[in-house]
4 protein chains.
Amino acid sequence: MILILKPTATANDIADIKNRLAARGLRPVIMEGAEKVAIGIIGETRSHLPVDQVQALPYVETIRRISDPYKLANRAFHPENTVVNAGGALTGDGHFAMMAGPCSIESREQIIEIAKAVKAAGATMLRGGAFKPRTSPYDFQGLRAEGLELMLEAKRATGLPIVTEIMSIDHLPLFEDVDMIQVGARSMQNFEMLKELGKTKKPILLKRGLCATVKELLMAAEYIMASGNDQIVLCERGIRTYETATRNTLDLSVIPVLHERTHLPVVIDPSHATGVARYVPAMAAAAAAAGADGLMIEVHNNPAAALCDGPQSITPDTFEELCRRVEAVRTALAVHDEEARAA
Amino acid sequence: MILILKPTATANDIADIKNRLAARGLRPVIMEGAEKVAIGIIGETRSHLPVDQVQALPYVETIRRISDPYKLANRAFHPENTVVNAGGALTGDGHFAMMAGPCSIESREQIIEIAKAVKAAGATMLRGGAFKPRTSPYDFQGLRAEGLELMLEAKRATGLPIVTEIMSIDHLPLFEDVDMIQVGARSMQNFEMLKELGKTKKPILLKRGLCATVKELLMAAEYIMASGNDQIVLCERGIRTYETATRNTLDLSVIPVLHERTHLPVVIDPSHATGVARYVPAMAAAAAAAGADGLMIEVHNNPAAALCDGPQSITPDTFEELCRRVEAVRTALAVHDEEARAA
Amino acid sequence: MILILKPTATANDIADIKNRLAARGLRPVIMEGAEKVAIGIIGETRSHLPVDQVQALPYVETIRRISDPYKLANRAFHPENTVVNAGGALTGDGHFAMMAGPCSIESREQIIEIAKAVKAAGATMLRGGAFKPRTSPYDFQGLRAEGLELMLEAKRATGLPIVTEIMSIDHLPLFEDVDMIQVGARSMQNFEMLKELGKTKKPILLKRGLCATVKELLMAAEYIMASGNDQIVLCERGIRTYETATRNTLDLSVIPVLHERTHLPVVIDPSHATGVARYVPAMAAAAAAAGADGLMIEVHNNPAAALCDGPQSITPDTFEELCRRVEAVRTALAVHDEEARAA
Amino acid sequence: MILILKPTATANDIADIKNRLAARGLRPVIMEGAEKVAIGIIGETRSHLPVDQVQALPYVETIRRISDPYKLANRAFHPENTVVNAGGALTGDGHFAMMAGPCSIESREQIIEIAKAVKAAGATMLRGGAFKPRTSPYDFQGLRAEGLELMLEAKRATGLPIVTEIMSIDHLPLFEDVDMIQVGARSMQNFEMLKELGKTKKPILLKRGLCATVKELLMAAEYIMASGNDQIVLCERGIRTYETATRNTLDLSVIPVLHERTHLPVVIDPSHATGVARYVPAMAAAAAAAGADGLMIEVHNNPAAALCDGPQSITPDTFEELCRRVEAVRTALAVHDEEARAA
């Protein structure tokens, strides 16, 4: 950690900060520049130094961290890729997840029909919402517990492991047979819920908040891991920017960024990111080319009758075509990389 | 509501949408422009028309709402200003709230000393965090239930009503003697919690999410109101933008915008918005001049020893000076406006 | 165009707007909703109706356009893909441009060595900056006219057409032998310059501004086209968001969005977008998979000695590998799409 | 400046960077932390160290500056407030500028009538656009040279100094009798123009770009100052964010931020920021309360007939009322601050 002092800091101030650091077993390195003094701090600052207190000292201008604030999620300490196993469906380290299904579960017929269709097309997991976070209290809120039941029926009918969102930790008992629990973008910093999910051993799909930084996403994962659960898949689903041509802005650069910083797998949700069904296939292929560990795609057998998010849902036929194109991209790159290694 | 059809829409498509609308008791007005056809829809679209389904029709390009999606929070239907009464402290319709106190409750001595100081300086309510949402699991998480106890002691010692944040609806029983419950920025779209808070009659301080629009903030209020509670104070605390000179960007324009759209009072939190104690007094005066119904200010007797957010906390002396300047601005404008009305 | 009147609008107001529209030869369609009145306007509003004047009428709440404000760049009026020919290098409609070279031209040896290397690896055009827009007046500002001379030497030595940035229309005479003139992100709305470039017949590479919307990018192209030049390549190079893990946020969704809205080709610059050399290859492959018409890549023979933007420059070896992977992706998708069409 | 090395950096790498720094007369201070090595660099890094080259070294993770990159605009080196004198109208160090007038100059009658009205109401300068940057080539582009002539007539008729925008340095000769030249938001990083404006001695009104940081705004001022002109007024006019309730988001926090970092005066333009006339008075009062050195307000005698930006223009009557409220706020704070100092 580096402290930068205000230009007005005095020798007394420097003595004061030295004392404070020494009292915590930390060693300062003083660098007197032409305009300002900087102080490097050697030692275990992550746990021993309350950043806010130091920042509030009247002679401190800013503090800059050197080490990352996340440890368990950090690739530096865990170089091996994590593989998440959700009911037999693997994600990460070469295992590509294809999670597909409707935004909302609407009826037995609907979810089972879609489940069969996406399985036939190549899905490895079934997604579907029982508890739905909706901006308006007047919009359809999901079938809730009944929806979970139907989802489990679809699982039994097709053998596809399922992933579905939790909106309140009080609902956790209902999720016993769910293979992967989704934490939605709006809940990414519901820290009390993250802690409780950390105590389960369930695989978690952790969606990036609408304006969360990469670092905050990793800190949210760290909350879950610090409570004992390391079966986490990270999911980018678009961030909020000034651009309105798409619903959100899909930030595909997080794929190489996250792969560098963490060992956790990264999947991409182009359906929520773009909000427009006809843009989904292009962005799915792009995600695969950038090295994503999986995709989450909204598929509906009749988008114009969907109770939620129809505009971004593709049909099973389009999904099948999407799977083939993603496969073509992944195969081409795998062959190329194999040859490049051999050469 | 207005539908805009794709340039490729056919006469059959127009007949189809007419039938769909008629089936729902809605009347279409067709406008054939040079390039595209637009269709105005007359009737109660808010509840009768599933927007997502219409948007997903293959010949629909976009949908544009005319009426606001919020009703209970809407000034159009409730022209009178709402006054929120939290343990005797009033906010709204000319009643100015001055909520002040530390970021976190740290000890009995600390909270009682600060409570006395802010009361003497002019605070109308005591703020303080018992449950603390922290980005890192390794940071101080608040004194939790014990902190609430100390907060209540400070209330008894000073007579100041208190406002403090709830992080999980499971903690609600602990908040029985709290005068106003704060929903933090990260929880603004915790819809399950909003619904439960709507069932209480407690005054709620609803903070705008870090990247929430004005409309989303009003929809969050609508969730609470739709469950039966209309004692809501809205709070702007800075939004996330690309600018890093301040922690967030304080969006003071929401004051006239919200006063136009809703009858609920609006308070401003310049401490969290700027993240820098020395910028707080200027932004507090600005908020008062723009017509805010109150302020929420972090005050600490020893910012450099604060366990949380010290850098943005001002001292009791600075707070007293801030109160006087805010009062000077409010008085000057009130006198001016009175004279202008008389003239 | 749709006008939405304030809830307080009266019958007199409606009569007033009807008169105003009639006076301009426009036909209104009145839609009286439960809460507000909307008025559809039939006719050529793009040129006949001054939007700002109508918006300023005291009883008008908002105006919503139906037709796009751009005409010449609009695919609706020009369904065929545009192919831009810059000294023989084609971009668009299946022709993939690979523009590569250093951020800045530094010396004869440097630019010629890099030109040869990128040509050998698969570049179709040489990029390089002679006039450099730098945030600080104290940073290297480019070799300017001398740099252009060296660029032309590299062109003669390799046969590669060149693309380089113009910063002031006064420099235009120096660009006579340049094959494609780049308008940088900071100049995208330098409207006086766009008009002048429209009078030349030079191919233009128009970079999206750092916070320009898709619509504004298309309007900037419209400026050039309205002055007579339709040889324009659009370039996405990252937008400014709150995320700092990459320098900017690469918005790859613009590829399908722009292909839908315009006939102009779209190339992607992952070097400026990410600002980090090691993220460039992944994003280049992603851009190709999403259907980009080309790439612009910074390549330097010795990034650690580059006078500008070294951190985002890749070496010729990495560039060669990048070209092969991009080619693998493009071939796989072309083969797949061919088979899908045949089936 | 602080270099942070990658966790994989070796002893050889450290020796290498030491040599490179020594070769430039810079002294390194090595800090070996538990996870990474940081290197403080003592000496005149601003001019002696090419940041991009160092950042591109393969073992360097990041670079963090300690000193600000702007020197002439920096308050640290010029503690006294700058006062800008434009034809007798002073801005800064207690002199409050009230710049008012129409968005566009439309006719002799219009500009003279408005000039007289705003002067009577309390304006210290007349603003008005002759050259207009418009997003669409089909919108009114201003009266250009003829508009400047009319502006000068209004100046002669009222004695008000004038401020108007330049869009191309080629137009500079037309601005000889203009008292203050405005650099619009879209031109803030037109560096070639900034350099030329630096060679004049004209006062410059430098508007913050739509997504410019405070640092970039100061670097743009530095460009002008480095060429010899220090008569600069900075102007905040709203930044682009995700929020659409106002046209842009007015960032009033820049007032205390800029006053801390620079000696240049700061004025606020709430008309362009909000884009809505009825929000302008509240934000004008807020700007004054936050300590702004002036305001720029759009005033039109007939907003519904304005050729540009009518929706954000207020009438002369509203402007007069705005001036009185701003005066009330400024007086109240001045009286309070005087008393506080005396006490």
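Things worth noting here:
- Residue list for the stretch B:159-191, restricted to those being open to solvent by 30 Å² or more (accessible area, probe 1.4 Å), at the interface with another protein chain (Cβ under 9 Å from one of its Cβ atoms) and among the hydrophobic types (A, V, I, L, M, F, W, C): B:ILE169
- For the stretch A:261-272, the count of residues that are open to solvent by 10 Å² or more (accessible area, probe 1.4 Å), within 28 Å of C:THR244 (Cα to Cα) and touching a helix residue (DSSP H, G or I) at 6+ places or on another chain (Cβ under 8 Å) is at least one.
- Scoring A:PRO79 on the criteria (1) under 16 Å from A:PRO203 (Cα atoms); (2) outside the structural domain of A:ILE162 (by TED's automatic domain parsing); (3) surrounded by fewer than 23 Cβ atoms within 10 Å (Cβ to Cβ) leaves a single failure, condition (1).
- Summed over the stretch C:132-153, residues that are touching a strand residue (DSSP E or B) at 6+ places or on another chain (Cβ under 6 Å) and either part of a helix (DSSP H, G or I) or not charged (D, E, K, R) (or both) total 2.
- In the stretch D:21-43, the residues that are open to solvent by 20 Å² or more (accessible area, probe 1.4 Å), assigned to a strand (DSSP E or B) and touching a residue at least 24 places away in the same chain (Cβ under 8 Å): D:VAL37
- Applying the criterion of being in contact with a helix residue (DSSP H, G or I) (Cβ under 9 Å, 6 or more places away or on another chain) and of a type in the set (A, V, I, L, M, F, W, C) to the residues of the stretch B:141-158, the residue that is farthest from the other protein chains (Cβ to nearest Cβ) is B:ALA157.
- Any hit, the stretch A:98-108, residues being open to solvent by 60 Å² or more (accessible area, probe 1.4 Å) and either acidic (Asp, Glu) or within 30 Å of A:ALA304 (Cβ to Cβ) (or both): yes
- Across the stretch B:39-79, the number of residues qualifying as more than 27 Å from A:THR315 (Cβ to Cβ), at pLDDT 80 or above and out of contact with any His (no Cβ under 6 Å at 6 or more places or on another chain) comes to 11.
- Search result, residues across the stretch A:154-177 that are more than 30 Å from B:VAL183 (Cα to Cα) and in contact with a strand residue (DSSP E or B) (Cβ under 9 Å, 6 or more places away or on another chain): A:ALA154, A:LYS155, A:THR158, A:LEU160, A:PRO161, A:ILE162, A:ASP177
- Verdict on D:GLU192 being among the charged types (D, E, K, R) and under 16 Å from the mean Cα position of the chain (by Cα): no
- Taken together, the residues in the stretch B:206-227 that are more than 11 Å from the chain's Cα centre (by Cα) and hydroxyl-bearing (Ser, Thr, Tyr) amount to 2.
- Residues considered: D:TYR242, D:TYR279. Of these, the only one that is out of contact with any helix residue (DSSP H, G or I) (no Cβ under 9 Å at 6 or more places or on another chain) and more than 19 Å from B:ARG278 (Cβ to Cβ) is D:TYR242.
- Applying the condition of being closer than 21 Å to A:VAL183 by Cα, open to solvent by less than 20 Å² (accessible area, probe 1.4 Å) and not aromatic (Phe, Trp, Tyr) to the stretch A:113-131 and asking which residue is farthest from the other protein chains (Cβ to nearest Cβ) yields A:MET125.
- Which numbered condition C:ASP68 misses (of (1) in a loop (DSSP other than H, G, I, E, B); (2) touching a helix residue (DSSP H, G or I) at 6+ places or on another chain (Cβ under 6 Å); (3) under 30 Å from C:HIS259 (Cβ atoms)): (2)
- One residue from D:THR91, D:THR82 being touching a residue at least 24 places away in the same chain (Cβ under 8 Å) and either outside any loop (DSSP other than H, G, I, E, B) or closer than 30 Å to D:PRO303 by Cα (or both): D:THR91
- Test: residue in the stretch A:319-336 that is within 14 Å of chain B (Cβ to nearest Cβ), assigned to a helix (DSSP H, G or I) and surrounded by fewer than 19 Cβ atoms within 10 Å (Cβ to Cβ): no
- Test: residue in the stretch B:287-294 that is out of contact with any strand residue (DSSP E or B) (no Cβ under 9 Å at 6 or more places or on another chain) and free of Cβ contacts under 8 Å to residues at least 12 places away in the same chain: no
The values are calculated or read from the model by the stated rules, or taken from the named source; none is laboratory data. This one's a predicted model, so the numbers in the text were calculated from it and none came from an experiment. Backbone-built Cβ (ideal geometry, glycine too); neighbour counts: all protein chains shown. We work out accessible area using only protein heavy atoms, side chains counted, and drop any ligands, DNA or RNA first. Shrake-Rupley method; radii C 1.70, N 1.55, O 1.52, S 1.80 Å.
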